[in-house]
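Each remark here refers to the structure printed beneath this line.
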Amino acid sequence: MASYDYDDVPYEDRQQQDASYDPNYVPEAVKTFVVHLYRYIREKNVYEIHQMYEGIFQKLSERSFKESPWPSVDAVAPFVDNDHVFCLLYQEMWFRHLYARMTPTLKQRLDSYDNYCSLFQVVLHGVVNMQLPNQWLWDMVDEFVYQFQSFCQYRARMKNKTEQEIALLRQYDQAWNVYGVLNYLQALVEKSMIIQILEQEKEGLEQFTINEGYDYNGGSNVLKVLGYFSMVGLLRVHCLLGDYQTGLKCLAPIDINQLGVYSSVTGCYVTTIYHYGFANLMLRRYVEAIREFNRILLYIWKYKQYHQKSPQCDQILKKNEQMYALLAICLSLCPQVKLIEENVNNQLREKNGDKMARMQRYDDEAFALYDELFSYACPKFITPAAPNYDEPLVNYNQDAYRLQLKMFLYEVKQQQLLSSVRSFLKLYSTISVEKLAAYMEVDEPTLRTILMTYKHKTHAVGSDGKIVSNADVDFYIDEDTVHVVESKSTKRYGDFFLRHILKFEEMINRMERVKLECCFNILTKAANGVLTCCGLVVIIYSLWLLKKWGAGVSQLEAITVVPKPWFIYILFGVGIVLCLSSLFGQMVSKHNSLTVLSIYVVAICLTLILQGGLVGVIFFKSNLEAEFPDSIFKGNTDFKNFLSFHVSICRLIGFTMLLAQANVVVLTVVVWVVGPVPEKYSPSAGLSDLEHSFLVGLESS
Amino acid sequence: MGREREVQKSEVSYTEHLLAVNPYNPDILPDLENYVHEQVSSQIYSLDANLCLLRLYQFEPERMSVQIVARILVKALMALPAPDFNLCLFLIPERVQMEEQFKTLIVLSHYLETARFHQFWDEVAKNRGIVEVVPGFEQAIQNYAIHVLSLTYQKVPRSVLAEAINIEGLSLDKFLEHQVANSGWVIEKGHGRGQLIVLPRNEFNEPDLRKNSADSIQLEHITQIFPILG
């Protein structure tokens with residue numbers, strides 16, 4: 001039997017937590033954290049709450065509480081006005097952190113249950129006016145079920161329990177009781193009226209999914225969304241109990257074929273589909289399981305870079321691997337490879353390709369592989385009943401798992417001969433029963449039973465009670481002849497073409513814009529390049545002029561007061577402005593953002609006006625020749641002629657440069673109006689899901 | 001008679017009502033047990049109620065009644081081709097499944113799942129006691145056998161049919177007569193080896209019937225490309 005490890009093996013020594021940990025010491029960072037979090041919750045600032053919850057809490061845990069719990073709730077209570085509800089929320093996080101990083105003691109497990117009870121009581125019976133991020137609400141339900149599962153596993157390992165622990169277990173037999181857990185989840189579903197809300201939404205009376213569960217009319221989303229996620233929680237609990245039918249029934253109000261609130265939180269999306277797929281696998285609805293696994297695996301594959309940032313990264317990757325194992329099982333039993341997207345298929349071949357090839361043989365090795373993959377990928381089944389403490393203590397934590405595994409392998413055994421039938425059927429369009437029996441080395445009646453088994457096993461009963469065909473190769477028997485029907489792919493070409501027509505249209509539009517924009521971009525770049533060169537030339541020219549001026553002035557008689565050569569300075573300034581503005585323009589054209597472009601256009605216009613004014617005043621308005629009276633030059637006519645020549649050159653340069661710059665500005669404005677190319681050209685539904693999409697919701701409200 | 005039926009109806013809805021409002025309440029266990037008896041006596045069936053009862057047994061193993069579990073399992077067998085029997089077994093602890101009558105039921109289920117009707121009927125003959133308590137058992141299995149046959153065959157030899165539904169000779173003739181009249185069966189002369197029964201066509205034994213619905217496009221999808229077409 002394959003190894004089946006439970007992750008929370010109790011280490012007695014780890015339970016004695018770090019001696020240096022003082023539950024009453026509250027570091028400054030924690031104080032700031034709770035004060036802010038409390039304030040944001042009161043202000044219903046979902047965005048900030050989410051930042052604190054996802055970002056800061058993780059960061060602080062990583063930095064200061066890697067191996068010790070957070071400060072106790074009593075220690076932080078004074079900073080939050082001893083707010084009862086906030087303390088419950090804080091403690092919920094406190095326990096979650098403890099479960100994730102340490103091994104909880106029995107006492108802590110019991111306390112955590114009490115805390116969940118109080119919290120859910122408040123939500124169920126009090127009028128909560130909080131607005132909490134979906135992520136947090138999902139984590140609550142998820143953790144509640146996880147801690148229940150963990151408690152059942154813990155209780156089932158009876159062998160090394162101390163008498164004290166058993167006494168506690170006896171005393172608090174209501175804690176993590178399966179009735180309690182199921183009833184809390186059920187109560188959340190019922191009290192929140194979520195089923196009715198989803199019903200009404202179909203008629204357009206509610207906007208639950210569009211608002212992602214948030215309430216923009218000042219109400220609270222907590223009960224509604226907790227109720228929604230509780231349906232997923234119920235599915236998970238029922239899967240853990242082996243009650244797949246009821247689990248799927250609990251999830252039925254959520255339309256799994258569409259995206260919804262469940263897919264807006266990645267952890268929830270993955271958990272939902274994992275359990276949904278697993279339940280369908282156990283119900284022999286392989287095609288449904290394959291379709292949904294394919295969908296979620298493609299989603300994970302597409303957005304893997306986003307997951308790396310998320311605190312639930314490890315969880316998601318673990319489930320990812322497990323689902324590839326389940327997909328390998330499904331495809332071995334029902335080889336509908338056509339349903340699998342190419343990238344998912346590649347990943348699958350990479351991970352489980354050789355196993356799948358060997359699983360087709362249905363020998364002992366193949367069964368061992370089915371066993372291995374199932375054991376690796378199945379949920380951690382639990383035995384919900386409390387043990388009899390008076391009987392000798394034995395571990396029973398693997399009982400539930402063994403039962404499910406046995407049942408599954410039994411099913412695989414029943415399908416043992418189907419793969420060889422399948423491979424023969426693929427070779428023929430018609431074949432007599434007699435001949436096929438000879439090939440398969442069985443007698444005719446046996447072959448008839450095998451063929452009927454094939455039909456029965458490939459035709460599952462769907463959720464609506466109708467028969468659904470899962471067969472990849474189909475056939476029918478006409479008296480003694482088997483007619484094989486190549487199952488044509490029922491791919492929806494219509495949808496395919498529609499999607500691609502839209503995509504293609506968008507691509508053409510985009511390309512036209514790109515073409516236009518590229519053209520203008522190149523023009524602007526070229527103009528800017530030329531301007532930079534001009535600027536450099538002007539700077540060099542003005543420096544040369546300054547030198548000549550200095551030389552000329554030194555030859556004049558020392559007594560005369562020589563006016564400052566403003567026109568040279570201005571020219572120098574114009575050169576620098578030219579260089580800088582064109583360089584800036586080059587930089588801007590690389591950025592494809594509207595804001596940067598508009599800032600640039602405004603800045604350059606202002607500069608242009610200023611520059612124009614200055615050039616006008618200095619070069620054209622003031623009479624330059626009058627500032628340099630003949631008396632200064634005293635016969636140095638060479639210098640005078642030189643000056644008057646260069647003054648007119650300067651005028652010319654000043655004017656042309658202005659024109660050139662204005663030209664560039666016009667070009668940039670055109671680029672600006674055409675607009676940068678949008679990066680994302682196909683509206684992919686999944687992307688926004690990852691970027692905490694309630695932000696979008698808040699803006700639109 | 002009419003009144004009796006009415007009483008029964010309200011009782012049914014009472015249990016179903018309990019199931020809807022209070023599925024996780026240990027107090028409904030006796031009601032559900034009674035409901036199992038009622039399902040047996042009045043030939044009705046509710047998988048959800050039975051799963052709920054098995055779940056309660058799972059939570060409190062000391063309250064489990066082997067006899068009731070056995071009835072639930074027989075009822076589940078009768079629900080084939082739906083996988084109800086397995087769904088129930090998922091909830092029954094292994095040590096309970098080790099009991100003799102459950103072992104027999106599991107063997108029966110195995111024969112049905114692998115379409116070995118001949119062995120199945122032999123086994124049933126040996127264990128009359130287990131299945132006889134539930135009326136309608138044979139007929140339900142015959143329906144299942146016909147279901148599997150009609151998935152597989154367009155024309156089935158009389159002998160194969162006889163073996164599957166465990167009816168022979170004159171009673172088979174009668175049965176066939178009934179089916180010809182009510183279910184659209186047709187009897188043909190076979191190639192020397194007796195009769196052939198033509199089963200009604202469905203999308204599973206006549207794959208051509210299936211393809212039609214798959215390649216249509218809904219109007220609302222077309223509207224997306226109207227601006228482009230225009």
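Here are the numbers for this structure:
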| quantity | calculated |
| --- | --- |
| Net length gained if the chain between A:S118 and A:V596 were fully extended (0.36 nm per residue, minus Cα distance) | 166.9 nm |
| Cβ-Cβ FRET estimate between A:E163 and A:K304, R0 fixed at 60 Å, reported to 0.05 | 0.75 |
| Subset of A:K406/A:K466; A:K304/A:K503; A:K426/A:K455; A:K380/A:K406; A:K455/B:K155 violating a 18 Å alpha-carbon distance limit | A:K406/A:K466; A:K304/A:K503 |
| Unit charges at the beta carbon, dipole of chain A: most positive-side option, A:Q322, A:I195, A:S150 | A:Q322 |
| Local net charge near A:R236, Cβ-Cβ under 13 Å (Lys/Arg +1, Asp/Glu -1) | -1 |
| Difference of contour (0.36 nm per residue) and Cα-Cα distance, A:I609 to A:N343 | 90.1 nm |
| C-alpha center-to-center spacing [the stretch A:142-168, the stretch B:69-105] in angstrom | 30 |
| Charge context of A:Y116, other residues only, Cβ under 13 angstrom, K/R +1, D/E -1 | -4 |
| When each of A:K435/B:K174; A:K457/B:K103; A:K249/B:K75 is checked by Cα-Cα distance, pairs over 26 Å | A:K435/B:K174 |
| Structure-based [θ]222 nm, chain A - -39500 (n - 2.57) summed over DSSP H runs of at least 4, per residue, nearest 500 | -21500 deg cm²/dmol |
| Cβ neighbours within 10 Å from other chains - mean over A:241-248 | 6 |
| Inter-chain shielding of B:133-145 (mean C-beta neighbours from other protein chains, 10 Å cut-off) | 0 |
| Full-extension gain in nm, A:C313 to A:F645, via 0.36 nm per residue minus C-alpha separation | 112.1 nm |
| Helical mean residue ellipticity (222 nm; -39500 (n - 2.57) per DSSP H run of 4+; nearest 500) of chain B | -19000 deg cm²/dmol |
| Nearest-0.05 FRET efficiency for A:R170 and A:E441, computed from C-beta distance (R0 45 Å) | 0.15 |
| Ellipsoid semi-axes in whole angstrom, largest first, where each is sqrt(5λ) of the Cα gyration tensor of chain A | 71, 39, 22 |
| DSSP loop GluC sites (Glu not before Pro) with at most 11 other Cβ within 10 Å: longest gap in chain A | A:204-440 |
| Approximate spin-label separation A:M193-A:H36, in nm, with each point projected 7 Å along Cα-to-Cβ | 3.8 |
| Carbon plus sulfur fraction of accessible area for the stretch A:248-343, probe 1.4 Å, in percent | 50 |
| Dipole magnitude of the protein assembly as shown about its Cα centre (Cβ charges: Lys, Arg +1; Asp, Glu -1), debye to nearest 20 | 3180 |
| Neighbour cut-off at most 15 other Cβ (10 Å), DSSP loop, GluC sites (Glu not before Pro), the stretch B:61-105 | B:E99 |
| Size descriptor, Kirkwood hydrodynamic radius, that averages inverse alpha-carbon separations across the stretch A:420-486, Å | 12.4 |
| Peptide B:82-88, shielding by other chains (average Cβ, 10 Å cutoff) | 5 |
| Summed side-chain charge close to A:V189 - residues other than A:V189 whose Cβ falls under 14 Å, Lys, Arg +1, Asp, Glu -1 | +2 |
| Over chain B - Rg/Rh using Cα atoms and the Kirkwood inverse-distance radius | 1.09 |
| Among B:171-183, A:256-268, the order from most to least packed when residues are scored by Cβ within 10 Å on average | A:256-268, B:171-183 |
| Test item: Cα-centred dipole of the stretch A:196-249, Lys/Arg +1 and Asp/Glu -1 on Cβ, debye | 240 |
| Calculated FRET value between B:A125 and A:S432, using beta carbons and R₀ = 22 Å, to 0.05 | 0.10 |
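The values are calculated or read from the model by the stated rules, or taken from the named source; none is laboratory data. Since we're looking at a predicted model, the values are computed, not measured. Cβ atoms come from the backbone with ideal geometry, glycine included; neighbour counts cover every protein chain shown. Note: accessible area is taken over every heavy atom of the protein model, side chains too, but ligands, DNA and RNA are not part of it. Shrake-Rupley method; radii C 1.70, N 1.55, O 1.52, S 1.80 Å.
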